[in-house]
Amino acid sequence: MRKNAPHSQIIHTRVDTLHTLGRYLASLLEILMATLPTPTRYPKTLIALHWLTLLLIVAVYVLIEFRDIYPKGTPGRDAMKYWHFVLGLTIFALTFVRLVARARVTMPMISPPPPGWMDTLGRAAHFVLYAFLIGMPFLGWLTLSAKGAVIPFWGLELPSLLEVDKAVAKQLEEIHATVGTVGYALIGLHASAALLHHFMMRDNTLRRMLPGRE
């Protein structure tokens, strides 16, 4: 037992040393993380994708709202409908790119921090917006599929998702138009909230997404 005692004591000492070293390294890591600069803006890629998405949304709405400047069946009207479909599906694709990008980067914090209920409301609003950006083009894709029409996408022809059914196509088109009208309100609320944060609450919500230097 006497011979084993020193050996046990050495093991116990080493365990204590490793435990102390682990605590020291953990504390050091916390200090290093605390001293790392917190981003004040979104990454440039996300900023670019955000404003590109906005431009595409404006273009999609303009194309469909002003298509009546050309009579039905004319090349001009057909071109406006074509680009409405193509740009809508581009928004659909870009939205997934944005979601992946958001999941891979550190999001800048709002400073000063908003109340908890406002933060929760903001997250919910973003969820609804992303659902709109995905759902609207997808409804358009389904509508064209049910019509038996070509689904164009930058020189490609996307596969049809439904069997041809004119009645279903009409229902989907009505839903698509209704959600599009709701989209005006969603976009307006999103812009109003950004301006409210900037001019009334004086925080950095809007500045985080503006192009420019840190």
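The values are calculated or read from the model by the stated rules, or taken from the named source; none is laboratory data. Computed from a predicted structure; not experimentally measured. Virtual Cβ from ideal backbone geometry, glycine too; neighbours counted across all protein chains shown. Just so you know, the surface numbers come from the protein's heavy atoms only, side chains and all, with ligands and any DNA or RNA stripped out. Shrake-Rupley method; radii C 1.70, N 1.55, O 1.52, S 1.80 Å.
Of note:
- Equivalent-ellipsoid semi-axes of segment 102-214, from the Cα gyration tensor, Å, largest first: 37, 16, 12
- Amide H to amide H distances under 5 Å link Phe153 with Leu158, where only residues 5 or more positions off or on other chains count and H is placed in the peptide plane.
- In nm, spacing of pseudo-spin labels at Ala194 and Ile134 (7 Å Cα→C-beta vector): 2.2 nm
- Within the straight-line cut-off of under 29 Å between alpha carbons, the lysines reachable from Lys72 are Lys81, Lys147, Lys166, Lys170, sequence neighbours fewer than 8 places apart in one chain being disregarded.
- Directionally averaged projected area (convex hull, Cα atoms, segment 63-167), nm²: 9.9 nm²
- At q = 0.15, 0.21, 0.22 Å⁻¹, base-10 log of I(q)/I(0) for segment 115-170 (Debye sum, equal scatterers on each alpha carbon): -0.56, -0.76, -0.80
- Using the Cβ-Cβ distance between Leu156 and Ala103 with R0 = 35 Å, the FRET efficiency computed as 1/(1 + (r/R0)^6) comes to roughly 0.85.
- Kirkwood hydrodynamic radius of segment 96-146, from inverse mean 1/r over distinct Cα pairs, in Å: 13.3 Å
- Spin-label pair Ser111/Arg207, simplified geometry with 7 Å Cα→Cβ offset, distance in nm: 0.8 nm
- Using heavy atoms of the protein chains and a probe of 1.4 Å, the accessible area assigned to Phe96 is about 100 Å².
- Extension gain for Asp165 to Arg23 (0.36 nm times residue separation, less C-alpha to C-alpha distance): 44.5 nm.
- Added length on full extension, which subtracts the Cα-Cα distance from 0.36 nm per residue, Leu52 to Glu65: 2.7 nm
- Shown in residue order for segment 189-199 are the 3J(HN,Hα) couplings computed by the Karplus curve 6.51 cos²θ - 1.76 cosθ + 1.60 at θ = phi - 60°: 5, 4, 5, 5, 5, 5, 5, 4, 4, 6, 9 Hz (x for Gly and Pro).
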